[in-house]
Amino acid sequence: MLIVVGVLVRQAVMLPAVRDRVHEVAADAQLSIATHLARDIANNLRGRRALIGELVATLPPALLAQPAQLAAWLGERERLNALFDRGLRVLQPDGERVADSPQAAIGNPSPWPAVAEADWFRAALASEGPVVSRPQRNGSDGAPVIIVAAPLRDAGGRVLGVLAGELRLDAGGLGDQQEQTRLGAGDGFLVISPADGLFVASNDPARVLQPTPAPGVNPLLDRAMAGYRGTGIMVEQGTDKLASIAAVPDTGWLVVAHKPTAEVAQPVAELRRLLWRNSFGTMIGLSLVLLVLMPRLLRPLTDAARAIREMADGRRELAPLAVTRQDEVGDLLLGFNSLVARLHDKEQTLLQTLQQLDQLAGTDALTGAWNRRRFYEAVAQEVERACRYRHPLALILLDVDLFKGINDRYGHVKGDEVLQVVANCIRATLRTSDSLTRWGGEEFLMLLPETDLANAAVLAERARACIAAHHIDGIGSVTASFGVAELGDAESRDEWIARADAALYRAKQGGRNRVEADRAVSGRKAEPDGLVKLVWHSSFQSGDAELDAEHRALFDDINALWTLVVAERPIDEIRATIDALYRKMVRHFRDEERLLQRIDYPELAAHIQLHDALVGRADALLEDFRRGRADFGALFAFLAHDMVAKHIVSQDRAYFSYLSKSGQARCL
């Protein structure tokens, strides 16, 4: 039965977890492939534009009047750097052909029809640099191509002609990594132009320049067209596929890497079969061993006698013995177990009585709070722990304002009711680890482990507001004054309480119904759960006033969020603060990108990709947090460390020198 239960647990718990993990790994791999292909395509297009620009810059204008020599010149450049598989061609401003490279002459023997009316040709005539055409079919043979073209100008800027290179889309021309990055037999990729609604490239040549599915046919592609970047499930031709989407920089295109989900789940299916075979083999082997050995190993009478002697001698804890057979030995063990059960019940009753007596001895009967004896026992342990581990420890001493007048005017019964109400208000603001002690008369003391002075003052203010807002029948509202102190280094318990009492006295002298914190002794900085607050340093400044203000505001927002968590504010308030911080971070990224664009930062594209990756990861963590699939610790660590501290302190510093150069240039 244990083996069967183990098998069922593995099938119901372990395998789903393994399946989810395999899916995550496959999704990460697919996204890496999509990102790799997108960068490869962007680099290839960037290289071809650069080549056209260099050829235009070095082409002697005199060759325009010598077609044969111009063709030879194009052929030599084509041989040295064959980036255009359909060749190079020089056109006059009116669209007439001047000369072709050898590859263009072979692949495009007939002139391009209606070149003068083509969008790319008109764009090249009006442009100062290379332009890339929309994906289209070649007019002469219908091949799917894109054209990179640039104007040829004389020294006066007059357009003498256009140099154009043609690249075929269905022959892997966009990138040399499209086949090398496939991980499985069913893997594939798509390059999509959302603006044109076309498949630009694919591992299936038949899909090149085919229109994308109509809205609603493929929901994941619809989301990608709307701006989604990441991983999801799409259905194509009745097959579920794991697809990852990445943007091709500088083009507006998308890369979709996909593989069948059945292929992703194949390792899990193999593991399931292996577990079944292993489990059946184990069950058969163990059954044979039990059949042979159990008759010799089971000697219940001898074992029971030995166990009872050990219990009588004190070498073994008194406990019931297992009844393995329903015979005379079984009856004996049942009688012994009944005796043990009665002794155990009497022992538990005695322990409960002792606990109740201890509780009564350490608790104030009127308010249910601790008395001083219980407080002194607890505070000694907390002080020792705080000193050993360098953790903060605070206390709050409070006194009900004008309590003697309440007793004199309304009587002691009503005064007792006031004390009970005050105690209940304080408990409503305390955390599980905190404690409340009735210090004497109308005074109470709150002990706050793992709490520094600032957070203790916040908790005291909450308790003060709760008491002041409470209405007591026949009296109205009452108030209380609070003194707060944090345990200092090498400070005794009585000195610490005396500082809190002095702060309470200042609160009374200051008008009552207020909180006074004693800052005469510096405490320890609270660092719960291994997280620290973000501290702004002058070395983080970039020199741009607006940018530095946004960076510092993000530091303050992270610390404010942490304060809410330490104060145990409602989860809805914390979620609203997280959403506001996320929106502010996204706006900051966009402001930063506009600034980097103004100063011509050379790594702008890479920095934008870094922003997009951070935003994508934040979106995923926020979604998991809202659905309860991720804890707050992982989300807060990502927001505080990766998205704010690490990005600002480390990654943003790369462009600080460009800001200073830009500022100097503006001054000159």
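Miscellaneous remarks
- According to the calculation over all Cα-Cα pairs in the stretch 310-419, the P(r) per 5 Å bin from zero is 2, 9, 9, 10, 10, 9, 9, 9, 8, 6, 6, 5, 4, 2, 1, 0 %.
- With kT/(6 pi eta Rh) evaluated at 37 °C and eta = 0.692 mPa s, and Rh the Kirkwood radius from Cα pairs, the stretch 362-466 diffuses with a coefficient of 228 µm²/s according to Stokes-Einstein.
- Percent accessible area from carbon and sulfur atoms, the chain, protein chains only, probe 1.4 Å: 55 percent
- Ser492 accessible area, 1.4 Å probe, all protein chains in place, Å² to nearest 10: 50 Å²
- Pairwise centroid distance, computed over Cα atoms, of the stretch 461-502 with the stretch 370-430, Å: 8 Å
- Taking every DSSP bridge with both residues inside the chain, close to 95 percent are antiparallel.
- Solvent-free Debye calculation, one equal scatterer per alpha-carbon of the stretch 228-290: log10 I(q)/I(0) at 0.13, 0.22, 0.27 Å⁻¹ equals -0.57, -0.90, -1.05.
- Largest to smallest in accessible area, the residues Thr437, Thr432, Thr363 fall in the order Thr432, Thr363, Thr437 (1.4 Å probe, all protein chains included).
- Per residue accessible area of the stretch 1-142, 1.4 Å probe, in Å²: 53 Å²
- Neighbour-limited loop hits for GluC sites (Glu not before Pro), the stretch 1-105 (at most 16 other Cβ within 10 Å; DSSP other than H, G, I, E, B): Glu96
- Folded to 0 to 90 degrees: helix 656-667 orientation relative to the chain principal axis, Cα: 60 degrees
- Separation between Cα centres of the stretch 72-102 and the stretch 5-33, rounded to whole Å: 54 Å
- Exposure of Trp120 as accessible area (Å², to 10), given a probe of 1.4 Å and all protein chains: 20 Å²
- In degrees, nearest ten, helix 300-312 long axis to first principal axis of the chain (Cα): 60 degrees
- Shape call, the stretch 46-148: gyration tensor on alpha carbons, a/c limit 1.5: rounded
- Cα gyration tensor shape of the stretch 186-301, rounded if a/c is under 1.5, else prolate or oblate by comparing a/b with b/c: prolate
- Computed on the Cα atoms alone, the convex hull of the chain gives a volume of 294 cubic angstrom per residue.
- Lysine pair number, Cα distance threshold 26 Å (strictly under), the chain, separation 8 or more or different chains: 10
- 0 to 90° range, to nearest 10: angle between helix 328-361 axis and the chain longest Cα axis: 90 degrees
- CD proxy at 222 nm, helix term only [per DSSP H run n ≥ 4: -39500 (n - 2.57); per residue of the chain; nearest 500]: -17000 deg cm²/dmol
The values are calculated or read from the model by the stated rules, or taken from the named source; none is laboratory data. Bear in mind the structure is a predicted one, so any value in this text is a computation, not a measurement. Every residue, glycine among them, receives a Cβ derived from its backbone with ideal geometry; neighbour counts consider all protein chains shown. Remember, those area values only see protein heavy atoms, side chains included, never the ligands or the DNA or RNA. Shrake-Rupley method; radii C 1.70, N 1.55, O 1.52, S 1.80 Å.
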